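The values are calculated or read from the model by the stated rules, or taken from the named source; none is laboratory data. Remember, it's a predicted structure, so these values are computed and weren't measured experimentally. Glycine gets a Cβ as well: all are built from the backbone with ideal geometry, and neighbour counts include every protein chain shown.
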Amino acid sequence: MNTRPRLHHLNTTAAATVLLLSHGLAAAQATPATSSVTLFGLLDVNMSRYSPGSHAGGGVQNVINDGVVNGLNGSRWGIRVAEDLGGGLKASVLLESGLNADTGTLGQGGRAFGRQAFIALSAANAGELRLGRQYILSDSVVGQGNPFANALVNNPTTAVTNMGKALPMWFNAPRADNVVQYQTPNWAGFTAAGQIAPGEGTADRFHGLRAVYSSGPFYTGLTYEWNKSRTTGENTNKSLSFTANYNFGFMKLEGGLQRNTDLATGSVNGAASGVTNLLVTGDSSFTAHEIDGWTIGAEVPASTALVFGLNFTRMKYEAASGGANADLGKLALTARYGLSKNTFLYAGGSIATGELKAYISQKQVLQAGLRMAF
């Protein structure tokens, strides 16, 4: 197994660094630096009621969740540091710690700063370089295709429990370790970005590309992400995501498509890092080699404070050999009410459709919660 860093990856990082440094170094030396430090936090807790399908086993469950499950946001606290180096060159740091507000424990497996921990260097005309643990590129794009951005029971990326095992829907493991990211400047609404996370011998190498165009009420984004197996050297977990939305004022129309192929468990990195099971159990059982999905929905404001979210998501699971397949859908209706700019009440419900609805523990979900940022 070759764990040595690839030369072209180092060259890419070096080139981005040189570009940013050469842009503002001279001015930065002549201009005193100014900096700011911001402490922030957010708590989100909800109550959820899960009703299983007829073949799933077990009974109705009533649980209290941190907002990372069915909430508007996962609970967290963090520190932002920004330093203006002069000449348009800026440095920044983000340390963000996830926590489970329902139990008071640390999130993301007990990491000190499990949500994000990175340092960045940016210039308006040269783009931004980030180094450290951070969100993968598809997370932001996928969130633009559903109400409230990957939140509440509208979220198409929430896994379901299929006969006792976690079965993914849309791929969206939000973060990766050891990420090198470069994003271009904004060119008349268009931006592009690339990521690589080497794996360092304990995880598959992860790669990601993103292109976004956003102008006025219109947004569209595309990402392509994949792993390179640390054991076989093959490219696996290829994930293509496309989303778009348009804000008409009286409503915001949203939708997207995702195609995941050459699936494998155990990547421990990137879009498939949270995928531990690909066994699909419905009228028959098979291992999914490909998972395709689409979603369409809308956010509809009833007032300045009250916004409704409605969407439908459909997934298709297919075996490698062809023939065996199964489908699963989810129809969701939610509402968010702003008590202030920082505090929200929310509630909603979802119902599953398709062949697998009888085999999952979340055939019907009802939820209500409260979120406050500070």
## Note on the structure
Taking the range 109-139 and keeping residues basic (Lys, Arg) and under 12 Å from residue 96 (Cα atoms) leaves 111, 115, 133
### Message
It is to be established whether one or more residues within the range 180-193 are among the β-branched types (Val, Ile, Thr), in contact (Cβ under 8 Å) with a residue 24 or more places away in the chain, within 24 Å of residue 117 (Cβ to Cβ) and assigned to a loop (DSSP other than H, G, I, E, B).
### Response
yes
### Query
Being surrounded by fewer than 21 Cβ atoms within 10 Å (Cβ to Cβ) and over 26 Å from residue 295 (Cα atoms), is that true of even one residue in the range 71-78?
yes
### Residue within the range 79-100 that is surrounded by 14 or more Cβ atoms within 10 Å (Cβ to Cβ), in contact with a helix residue (DSSP H, G or I) (Cβ under 9 Å, 6 or more places away or on another chain), farther than 22 Å from residue 154 by Cβ and among the polar types (S, T, N, Q) present
yes
## Note on the structure
Of the residues in the range 327-374, those that are among the β-branched types (Val, Ile, Thr) and under 17 Å from residue 297 (Cβ atoms) come to 334, 351, 353, 365
### Message
Please return the ranges of strands (runs of 3 or more DSSP E) entirely within the range 109-178 where 3 or more residues are under 30 Å from residue 33 (Cβ atoms).
### Response
116-123, 127-135
### Query
Do we find a residue being touching a helix residue (DSSP H, G or I) at 6+ places or on another chain (Cβ under 8 Å) and either among the small types (Gly, Ala, Ser) or touching a residue at least 60 places away in the same chain (Cβ under 8 Å) (or both) anywhere in the range 269-278?
yes
### Message
Just to be sure I understand, how many residues within the range 128-140 are closer than 16 Å to residue 213 by Cβ, of a type in the set (A, V, I, L, M) and surrounded by fewer than 24 Cβ atoms within 10 Å (Cβ to Cβ)?
### Response
0
### Message
Out of everything in the range 194-204 that is aliphatic (A, V, I, L, M) and in a strand (DSSP E or B), what residue ends up being surrounded by the fewest Cβ atoms within 10 Å (Cβ to Cβ)?
### Response
196
### Query
How many residues does the range 207-261 hold that are part of a strand (DSSP E or B), under 30 Å from residue 304 (Cβ atoms) and over 15 Å from the mean Cα position of the chain (by Cα)?
15
### Message
Being outside any loop (DSSP other than H, G, I, E, B), under 19 Å from the mean Cα position of the chain (by Cα) and over 17 Å from residue 354 (Cβ atoms) is the filter here; which residues of the range 262-294 pass it?
### Response
270, 271, 272
### Task
Would you please name the residue that is modelled with the lowest pLDDT, looking only at residues in the range 157-174 that are more than 18 Å from residue 66 (Cα to Cα) and within 16 Å of the chain's Cα centre (by Cα)?
172
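Being basic (Lys, Arg) and buried (at least 17 other Cβ atoms within 10 Å of the Cβ) is the filter here, so list the residues in the range 101-119 that pass it.
The answer is 115, and nothing else.
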### Message
Being among the polar types (S, T, N, Q), in contact with a strand residue (DSSP E or B) (Cβ under 6 Å, 6 or more places away or on another chain) and buried (at least 17 other Cβ atoms within 10 Å of the Cβ) narrows it down to one residue among 267, 273; which is it?
### Response
267
